[in-house]
Amino acid sequence: MRIILADNRKEVRSALRLVLEQRGDHVIVGESQDAVNLIAQSGRLCPDAVILDAQLAGLQVGERAKVQSLTELVEALRRLCPSIRMIVLGSHPDLKNEILSAGVDAFFCKSDPPDILLELLADLTN
């Protein structure tokens with residue numbers, strides 16, 4: 001599976017890359033630190049999946065933001081790559097339903113073991 005990792009923090013992206021490349025049949029084709037860059041990379045690379053942080057930079061309201069919410073980001077990514085699968089990372093499990101209502105495929109709590117993320121990816125490919 002070809003994946004783009006999107007998180008504000010490089011150390012989170014590095015940890016995800018390590019887990020995914022060592023323990024699965026996944027290739028990281030790109031990394032992004034904000035929503036604007038994620039949209040650009042997705043349009044260019046059309047990955048199979050995106051793993052993105054719920055608090056990704058560029059999702060807040062502002063002059064430079066291309067998208068104002070997670071829902072708008074999901075819609076933009078699906079316009080570029082209709083078959084793209086999305087897993088959103090969050091620190092607060094109580095926000096799971098709200099995040100899933102944005103149209104993403106799965107939610108992964110950052111405090112869960114990495115095996116859960118691998119299971120979610122496996123479920124998305126079936």
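Going through segment 72-126 one residue at a time, which ones are open to solvent by less than 60 Å² (accessible area, probe 1.4 Å), small (Gly, Ala, Ser) and not in a helix (DSSP H, G or I)?
Those that are open to solvent by less than 60 Å² (accessible area, probe 1.4 Å), small (Gly, Ala, Ser) and not in a helix (DSSP H, G or I): Gly90, Ala102, Gly103, Ala106.
Name the pairs: first residue in segment 28-57 and assigned to a strand (DSSP E or B), second residue open to solvent by 30 Å² or more (accessible area, probe 1.4 Å) and acidic (Asp, Glu), Cβ to Cβ under 7 Å, at least 6 apart or on different chains?
Within 7 Å, the pairs are Ile28/Glu21; Ala57/Asp34.
Please indicate, with yes or no, whether at least one residue in segment 59-69 is buried (at least 18 other Cβ atoms within 10 Å of the Cβ) and within 23 Å of Leu118 (Cβ to Cβ).
No, segment 59-69 contains no residue that is buried (at least 18 other Cβ atoms within 10 Å of the Cβ) and within 23 Å of Leu118 (Cβ to Cβ).
Evaluate segment 30-44: report whether one residue or more is modelled with pLDDT under 90 and open to solvent by 70 Å² or more (accessible area, probe 1.4 Å).
Scanning segment 30-44 turns up no residue that is modelled with pLDDT under 90 and open to solvent by 70 Å² or more (accessible area, probe 1.4 Å).
Select from segment 37-54 the residues that are more than 21 Å from Asn126 (Cβ to Cβ) and within 13 Å of the chain's Cα centre (by Cα) and list them in ascending order.
Asn37, Leu38, Ile39, Gln41, Ser42, Leu52, Asp53, Ala54
Kindly evaluate Asp25 against the criterion of being among the acidic types (Asp, Glu) and in contact with a Gly (Cβ under 9 Å, 6 or more places away or on another chain).
no
Filter segment 2-11 down to the residues that are surrounded by 17 or more Cβ atoms within 10 Å (Cβ to Cβ) and out of contact with any Gly (no Cβ under 7 Å at 6 or more places or on another chain) and list them by number.
Across segment 2-11, the qualifying residues are Ile3, Leu5, Ala6, Asp7.
For Val67, state whether it is among the aliphatic types (A, V, I, L, M), modelled with pLDDT of 90 or more and closer than 15 Å to Ala35 by Cα.
Judged against the criteria, Val67 is not a match.
Looking at Val36, Val29, can you tell me which residue is touching a strand residue (DSSP E or B) at 6+ places or on another chain (Cβ under 7 Å) and over 22 Å from Pro93 (Cβ atoms)?
After ruling out the rest, the residue left standing is Val29.
The values are calculated or read from the model by the stated rules, or taken from the named source; none is laboratory data. This is a predicted model, so every value here is computed, not measured. Please note: Cβ atoms are built from the backbone with ideal geometry, for glycine as well, and neighbour counts cover all protein chains shown. Remember, those area values only see protein heavy atoms, side chains included, never the ligands or the DNA or RNA. Shrake-Rupley method; radii C 1.70, N 1.55, O 1.52, S 1.80 Å.
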